[in-house]
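Trainee: First the structure, then my questions, so here it is.
The values are calculated or read from the model by the stated rules, or taken from the named source; none is laboratory data. This one's a predicted model, so the numbers in the text were calculated from it and none came from an experiment. Using ideal geometry, Cβ is built from the backbone for each residue, glycine included, and neighbour counts are taken over all protein chains shown. Note: areas computed on protein heavy atoms with side chains; ligands, DNA, RNA excluded. Shrake-Rupley method; radii C 1.70, N 1.55, O 1.52, S 1.80 Å.
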Amino acid sequence: METLTKLGSTDLQVSRHGFGAARIGDGAPLDQIESLLDSLLDLGITFIDTADCYAQSEELIGRFLRDRIGEFIVATKCGCLTNGDPGEAYSRAVIENSIDRSLQRMGLECLDLVFLHTCSADVLRAGEATEALLRARDAGKVRYTGYSGDGKDALLAISLGVFDALQVTF
């Protein structure tokens, strides 16, 4: 059984191991996905990482979560352009639309944690992406904010002091 630990500067208690759900939308049958997610719970793994750009990952997780609210902490990501979306990556409009779609796809009123998805230090310095994510938090659509990225970009994200969690490549 997994030991739970506090995630970043949030009050979220998550398993030390998590599940990266990037590939579950690649055609696996729903019953296999449900079996996989059940197995995660059996192992004590309570943290799922997904993103708006991970095929049908959010929809499939949402189908499973509908009857299991509160058993997992789900983090998603925003900011990238997906499926030919109009607009500029990491703009306020793209981030707002991404968060609204994630809420709808997963059937939630509030997302546990949303990461800016690997935007550059220049995007972070400009401030629009960070402000959009913080506005979503202040509007009650997002509980906690985070940054997902590496290297100098992640170091800048940390220095801003506005994110509750950081996700780096392992």
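Trainee: Under 16 Å from a point placed 7 Å out from the Cα of Thr169 along the Cα-to-Cβ direction: which residues of region 95-126 have their backbone N that close?
Mentor: Within reach of a label on Thr169, which here means backbone N under 16 Å from a point 7 Å along Cα→Cβ, region 95-126 contributes 117-121.
Trainee: Helix-derived [θ] at 222 nm for the chain: sum -39500 (n - 2.57) over DSSP H runs of at least 4, divide by residue count, nearest 500? All intermediate terms of the calculation are to be shown ahead of the outcome.
Mentor: Values: 6 runs with 65 residues, N = 170.
Helix contribution divided over all residues of the chain: -11500 deg cm²/dmol.
Trainee: Let me ask something else about it. Could you compute Rg(Cα) / (2.2 N^0.38 Å) for the chain, with N its residue count?
Mentor: On the way: Rg = 15.3 Å, N = 170, 2.2 N^0.38 = 15.5 Å.
Scaled against compact globular proteins, the figure is 0.99.
Trainee: Can you give me the convex hull volume of the Cα atoms of region 90-170, divided per residue and expressed in Å³? Please report the intermediate quantities before stating the final value.
Mentor: On the way: hull volume 6.6 nm³, N = 81.
Convex hull of Cα atoms, per residue: 81 Å³.
Trainee: How far is it, in nm, from the label point at Ser9 to the one at Ala22 when both lie 7 Å from their Cα along the line to the Cβ?
Mentor: For Ser9 paired with Ala22, the spin-label model returns 2.8 nm.
Trainee: To continue, here is another question. As a test of understanding, state the convex hull volume per residue of region 1-100 from its alpha carbons, in Å³.
Mentor: On the way: hull volume 10.5 nm³, N = 100.
Cα convex hull per residue, to the nearest whole number: 105 Å³.
Trainee: In Å², what does the accessible area per residue of the chain work out to with a 1.4 Å probe? Before the final figure, lay out the partial values.
Mentor: Values: 8730 Å² over 170 residues.
Here the per-residue accessible area is 51 Å².
Trainee: If you don't mind, another one. Kindly sort Leu60, Leu30 by accessible area of their heavy atoms, largest first, with the probe set to 1.4 Å. Walk me through the numbers on the way to the answer.
Mentor: Working: Leu60 20, Leu30 55 Å².
From most exposed to least exposed: Leu30, Leu60.
Trainee: While we're looking at this one, here's another question. Name the chymotrypsin sites (Phe, Trp or Tyr not before Pro) in region 112-148 that are in a loop by DSSP and that have at most 14 other C-beta atoms within 10 Å, would you?
Mentor: Numbers: sites: Phe115, Tyr144, Tyr147; in loops: none.
Nothing satisfies the criteria.
Trainee: Starting from the Cα of Lys6, draw a straight line to each of the aspartates and glutamates and keep only those under 17 Å, dropping any in the same chain fewer than 8 residues away.
Mentor: Filter leaves Asp49, Glu71, Asp112, Asp164.
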